[in-house]
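A.B. asks: The structure's right below; bear with me while I get my questions together.
No lab work stands behind these numbers, since they all come straight from the coordinates. Note that this is a predicted model, so its numbers are computed, not measured. Reconstructed Cβ throughout: ideal geometry from the backbone, glycine too, with neighbour counts over all protein chains shown.
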């Protein structure tokens, strides 16, 4: 927090040996997975299930929402694949504050 | 809550959900808990989770910033307002949120970030010392408990509507769900869940809005229906004229003022300035999201980027409420002055049911499940945010600072857990208070008036006037809050039946006046007390007061190298222009 340059991706680019991507922890993959599952389920419900046109005014709402959600999920997954988040090898620990010390890790812990 | 309902589900479920809907709801819970488990495991064997959190791009922190606020209170309360008074409800977004979010990013964030405090009460402590810190920390903790209760009440009303359980059973079960969600997910998973929640909410409310509009014949059809409804409604129903429901300004239907000019002044000063600046710039839950980002530039941009999605939220929240009021039989009946039976509370349909009833009428099974998941997501996130903010302030700002100073981390962790359980129990009681208010928004605005309006006055004076003294800090806060309480008691209905009715104001108008009074009283009292007491030495005010802080501490040297659309001020300018255009268009 004190020095903005230490966390900048540009600086960590030289130390490629120890860095890796966030992978499954990337929020875009999590969003993509949930929206994708919703999209598939709703699309199937729209194709196979009861249509209920009297509620929606004639539109197959499940089908259309399902398709849009699947497309949105694809965008998130592709985006995460094209520009992965790179985890820097070293990050400074949280700062201590004299007026209110932050929680410390256990000695012997990680 | 006054009488005990039978344990066996006696009420017919409001919504006819089937296995498909439960599957979609279950899937959401699986993801939320899954994030919690991942976060938990990562603590011991890897720090990837937290690192990817720390290097999150600005769009994620911006979304988390508004997501923390896009709780069920907002969704249900705003759609309720949309159903009751129509388009003027947009002022809660375009006047009551965006300008304050931009102000937070442009003006105030450098002080929060630059002074390296980790909570808003801590800034109070550094600037004004113990008195103001105590007043702020205690009133913030109390407000979080009360708002958590409102969130819990809305959550239980959904469970009640969905499963047909008696309200008090739903209340207890919902509280247990939230408690396990917080203990399992913890603070570390909060930001991920908030971003996920945002997308689930949009995915559920957007189809609801589009299908609803399709059913009434588009926006043109909605206008016609509202116009003919307002024309034919019985006089006793007090339905606002169609012109007031379909134009955002002057918003008399919202403020309750007779004169259009006073209404504009009330909305701009009361809602737009005092209430909203008080809320957005001093609320620890919101500010903390931005304070945690990696540079002063990212911190400033967080609320500004959040402003862009925020200005379009009313379209998926208020429009469904307006559609509901002309399409759903019970809502039409209610707005026409009737008292239809049923509703989420089981004690008659209320405006808060607008969204649920519209879901029942227009969503097929499948989409219905998605919508329920979205609402539950909003409830849980809202309440979890309140309770975890309460935790932090209670354990560190109150317990550690004033009661038990030098204990181990495990000790404070345990205190935090106990505080979580206690807060949940207290929220159950506040939930029963909330259920006696007809419009949850009134209740919330009243609370914000008490806690946030004087807070903003003290902050802004303290940041820009170095002469302001520690004594003035707490005396101003206390007298501002008390004056708001006094106005609320003297109004017609700000405190429900407890109000005395001496001042002829009701509804939102009373909240605006109470908040404005608190603001003015705080400024005047702070000024007077400052002149009579001793200020802090100037050396202690560096980073806390504008005139004592070097200019280079308030800006990010890296920012000049960024392209213009990634810089703070141009982004804020674009947001301001867009929100002005929206104000003129509607």
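A.B. asks: For peptide B:369-379, compute the average count of partner chain beta-carbon atoms within 10 Å of each residue's beta-carbon.
C.D. replies: The shielding value for this peptide is 1.
A.B. asks: Can you tell me which of B:410-418, B:27-35, B:125-133 comes out highest on packing, and rank the rest after it, using the mean Cβ neighbours within 10 Å?
C.D. replies: Ranked by mean Cβ neighbours within 10 Å, highest first: B:125-133, B:27-35, B:410-418.
A.B. asks: Report the relative contact order of region A:25-84, percent, no decimals, based on alpha-carbon pairs under 8 angstrom and at least 6 residues apart.
C.D. replies: Averaging sequence separation for qualifying contacts and normalising by length gives 51 percent for region A:25-84.
A.B. asks: Taking the number of other C-beta atoms within 10 Å as the exposure measure, put B:108, B:76 in order starting with the fewest.
C.D. replies: B:108, B:76
A.B. asks: How high is the FRET efficiency between residue B:520 and residue B:583 when r is their beta carbon distance and R₀ equals 30 Å, given to the nearest 0.05?
C.D. replies: Here the calculated transfer efficiency is 0.70.
A.B. asks: Return the FRET efficiency for the residue pair residue B:130, residue B:433: r is the Cβ-Cβ distance, R0 is 22 Å, and the value is rounded to the nearest 0.05.
C.D. replies: Calculated value: 0.10.
A.B. asks: If you find the alpha carbon centre of region B:318-381 and of region B:194-270, how far apart are they in angstrom?
C.D. replies: If you average the Cα positions of each part, the centres end up 15 Å apart.
A.B. asks: So, in nm, how far is label residue B:414 from label residue A:54 when the simple model puts each one 7 Å beyond its Cα toward the Cβ?
C.D. replies: That separation, rounded to one decimal, is 6.2 nm.
A.B. asks: Inside 10 Å of the C-beta atoms of B:551-561, what's the mean count of C-beta atoms belonging to other chains?
C.D. replies: 1
A.B. asks: Can you give the average number of partner chain beta-carbon atoms within 10 Å of each beta-carbon in peptide A:53-62, as a whole number?
C.D. replies: 6
A.B. asks: With a point put 7 Å past each Cα toward its Cβ, work out how far residue A:47 is from residue B:259 in nm, to one decimal.
C.D. replies: Modelled inter-label distance: 6.5 nm.
A.B. asks: Between region B:73-151 and region B:527-544, what is the C-alpha centre distance in whole Å?
C.D. replies: 25 Å
A.B. asks: On a full-extension model of 0.36 nm per residue, what is the gain between residue B:561 and residue B:268, subtracting their alpha-carbon distance, rounded to one decimal in nm?
C.D. replies: 101.8 nm
A.B. asks: What order do you get for B:525-531, B:282-288, B:322-328 when each peptide is scored by the mean count of other beta carbon atoms within 10 Å, highest first?
C.D. replies: B:322-328, B:282-288, B:525-531
A.B. asks: Another question, if that's okay. Mind checking the full-extension length gain between residue B:173 and residue B:485? Use 0.36 nm per residue of separation minus the Cα-Cα distance, one decimal, nm.
C.D. replies: Using 0.36 nm per residue and subtracting the Cα-Cα distance, I get 109.0 nm.
A.B. asks: Return the ratio Rg/(2.2 N^0.38 Å) for region A:25-84, where Rg is computed over Cα atoms only.
C.D. replies: That works out to 1.31 for region A:25-84.
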